[in-house]
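Each remark here refers to the structure printed beneath this line.
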Amino acid sequence: MYEDVLLPVATGEGEAEDDPALEHALDLAERYDATLHALSVVDPTVIEPLAIDTEGVREAMEKRAEETVETVADHAHERGIDVETRIGHGPPAGVITDYAENVDAVVMATHGREGLKHALLGSVTERVVRTSPAPVLTVPR
């Protein structure tokens, strides 16, 4: 039923370890002997308006993203799960949705923002749920 499971992970120190979707994605991949795809997205639009050395910031974001997907890969390997890692570039919801065209399921955490925070910040998970060609399993944070 599932041959490829996508786990988009937020980039940040400890993000992969604290992501409640990680365990669900690992369980799903293990149960169906599927390949887990760990995807972290570097969004250059968050640094472009800054009047700083964006190249240094971009390199730091890339490094953090690589560390994040490698953490997921380590967890997958410990359980004997095949894993592929990828760093995407661009607006997160669009990158995730594009990647979802090649998988059977997406597993993502929700942040549970409400009210003004939700209206101002939006929700990557919500956009992916609305636009993904693959089913999306959401896990509350």
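The values are calculated or read from the model by the stated rules, or taken from the named source; none is laboratory data. This structure is a prediction, so every number in the text was calculated from the model and none was measured. Cβ: placed from backbone, ideal geometry, glycine included. Neighbour counts: every protein chain shown.
Taking the stated definitions as given, is Ala25 assigned to a loop (DSSP other than H, G, I, E, B), of a type in the set (A, V, I, L, M, F, W, C), at pLDDT 95 or above and out of contact with any Phe, Trp or Tyr (no Cβ under 8 Å at 6 or more places or on another chain)?
No.
Glu23 - would you say it is in contact with a Pro (Cβ under 8 Å, 6 or more places away or on another chain) and under 16 Å from Val136 (Cα atoms)? Give the derivation first.
Values: in contact with a Pro (Cβ under 8 Å, 6 or more places away or on another chain): no; under 16 Å from Val136 (Cα atoms): yes.
It is false that Glu23 is in contact with a Pro (Cβ under 8 Å, 6 or more places away or on another chain) and under 16 Å from Val136 (Cα atoms).
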